[in-house]
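These notes concern the structure reproduced below.
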Amino acid sequence: MRITDDPAADAVYIHLTSDPLAPGRITPQAPTPPGTTGFIALDWKDDRLVGIEILDASTRFHHDLLNQAEVTGKTAPSQEQNGTLSTERSRSVLVRAPCATASDAV
């Protein structure tokens with residue numbers, strides 16, 4: 001799994017496969033809990049969930065995760081260092097998590 005952040009679009013994409021994103025995906029919007037606003041899109045390809053896109057990422061994710069995500073699009077400015085503003089590219093976040101099965105869902 002890989003997480004990318006596009007600061008210009010304020011969007012995070014969670015890649016659930018190492019395959020490149022290909023045409024032919026189906027992308028429905030996922031519902032959010034009552035009283036919660038936000039936009040989450042689920043990318044499906046060949047009956048498999050291949051990615052998740054979350055908009056307004058800066059308000060939806062903890063800053064630690066955003067700091068570790070791979071920056072895409074325009075390079076995000078980092079904090080000022082030694083009186084000059086530099087740019088910083090963050091690392092990809094690789095997460096190893098156990099797979100849930102349908103019987104795990106409640």
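The values are calculated or read from the model by the stated rules, or taken from the named source; none is laboratory data. These numbers were taken from a predicted model, which means no experiment stands behind them. Every residue, glycine as well, gets a Cβ built from its backbone with ideal geometry; the counts of neighbours run over all protein chains shown.
Condition check: assigned to a loop (DSSP other than H, G, I, E, B) and either in contact with an Asp or Glu (Cβ under 6 Å, 6 or more places away or on another chain) or at pLDDT below 90 (or both). Does Thr4 satisfy that?
Numbers: assigned to a loop (DSSP other than H, G, I, E, B): no; either in contact with an Asp or Glu (Cβ under 6 Å, 6 or more places away or on another chain) or at pLDDT below 90 (or both): yes.
Here the answer is no, as Thr4 does not meet what is asked.
Could you tell me which residue of the stretch 24-46 is surrounded by the most Cβ atoms within 10 Å (Cβ to Cβ), considering only residues that are over 14 Å from the mean Cα position of the chain (by Cα) and assigned to a strand (DSSP E or B)? Show your work before the answer.
Within the stretch 24-46, the subset over 14 Å from the mean Cα position of the chain (by Cα) is 24-37, 44-46.
Going one step further and asking which of them are assigned to a strand (DSSP E or B), we end up with 26, 29-30, 44-45.
Details: Ile26: 11, Gln29: 10, Ala30: 12, Trp44: 14, Lys45: 17.
Among residues in the stretch 24-46 that are over 14 Å from the mean Cα position of the chain (by Cα) and assigned to a strand (DSSP E or B), the one surrounded by the most Cβ atoms within 10 Å (Cβ to Cβ) is Lys45.
Quick test for you: out of Leu66, Leu49, Leu21, pick the one residue that is surrounded by 10 or more Cβ atoms within 10 Å (Cβ to Cβ), part of a helix (DSSP H, G or I) and either at pLDDT 90 or above or in contact with an Asp or Glu (Cβ under 8 Å, 6 or more places away or on another chain) (or both).
Numbers: Leu49 fails: part of a helix (DSSP H, G or I); Leu21 fails: part of a helix (DSSP H, G or I).
From the options Leu66, Leu49, Leu21, the qualifying one is Leu66.
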